[in-house]
Amino acid sequence: MPETTPEWHLSLLDSVRALAAATEELRAAHQHARHTARITDPGRIVPVPGLLTIPGGDQPVRPHDEALWQLSDLYMVLEHHTRDLYENAALGYAHGTANAVAAVLRAERPHHAELPRDRHGNYPLAADDLPDLSNSLTIQAGARDLTALRNQLIACEQAQDTEEATEETGLSTTLAGTAHAYGQHAERALHHLIHYADTHGFLRAS
C-alpha cells in the first residue's frame, strides 16, 4: 500500500458525513415545504367572503381568496424546488459514499469523497452508475442491503421517467429516500472497512 498519513480516513469520514448532513437538511426543508403547501391549499381553507372594490375596476376582488392562491402557487414552487434539491443531494450522498467504499476496497486512501458537479452546483448522476459492491463486501459490511437498495434505486429512476408515475406515486420522493437510505448503509460499510483496517494495522502500514 502507498505511504500516507494516518489521518486520511478521518478526513474521508468527515467528507461523507458532510454529504449526509446536506442531504438531511434538504430532506427537512422539503418535508417542511410539503407540509406548508398542504396547509395553505385553497381547497382546504374556507376563504373569508369579503369583497374589495377597486377604483375604476370592473369587478370587486376577494383579497383573502387571492392571498390563498398566491401562497399556494408560491409554496408549490418551493415544494418542487426542495424536492429536486433533496433528490440530487441524496444521489450525491449515495454516489460519493459508494465511491469512497470502492476506493478503500481498492486499497486507496482518499482524503475526501469525490463527485462531479455542474456549474449550478448539481451532481450529474444516475442511479445505474452506482458501483456494484455486492462481490466486494461481506454480509457483515452490508453487501446484501446495499445490493437490494441499489436495485431499488435503479428501479425508481427508471419508473420516474414516466411523468404520470411520478405525479401519481411521488416516485421522486421515493427516489430521494432510497438514495438517502443507500448512502446511510454505504456510510456504515465505510466505517466497517476502516475499523477492520485499523484493527489489522492497515491504516498506518506503508
remark   = Once Lys and Arg are counted +1 and Asp and Glu -1 for all other residues with Cβ under 12 Å from that of ARG150, the total becomes -4
ask   = For the chain, modelled as a Gaussian network with Cα springs under 10 Å, which listed residue fluctuates most, ILE194, ILE54, ILE39?
value = ILE54
remark   = With x for Gly and Pro, the residue-by-residue ³J(HN,Hα) of segment 36-45, computed from phi through the Karplus equation 6.51 cos²θ - 1.76 cosθ + 1.60 at θ = phi - 60° and given in whole Hz, is 5, 4, 6, 6, 9, 4, x, x, 9, 10
Cα-only radius of gyration and Dmax that characterise segment 1-63, units Å = 26.5, 82
query = Taking R0 as 35 Å, what's the FRET efficiency between VAL46 and ASP118 from their Cβ-Cβ distance, rounded to 0.05?
reply = 0.20
task = Could you rank the peptides 24-30, 119-125, 185-191 by their average count of other C-beta atoms within 10 Å per residue, with the highest value first?
result = 185-191, 24-30, 119-125
message = What translational diffusion coefficient, to the nearest whole µm²/s, does the chain have by Stokes-Einstein, given a Kirkwood radius computed over alpha-carbon pairs, a temperature of 10 °C and 1.306 mPa s viscosity?
response = 81
key: Efficiency of FRET from Cβ geometry, HIS64 and GLU24, R₀ 41 Å, rounded to 0.05   = 0.65
Within-14-Å neighbourhood charge of ARG17 [Cβ basis; K, R +1; D, E -1] = -3
message = Over the chain, with the other protein chains present, what is the accessible area per residue in square angstrom, probe 1.4 angstrom?
response = 59
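The values are calculated or read from the model by the stated rules, or taken from the named source; none is laboratory data. Small disclaimer: the values here were computed from a predicted structure and weren't measured. Backbone-built Cβ (ideal geometry, glycine too); neighbour counts: all protein chains shown. Heavy atoms of the whole protein, side chains included, go into the accessibility calculation; ligands, DNA and RNA do not. Shrake-Rupley method; radii C 1.70, N 1.55, O 1.52, S 1.80 Å.
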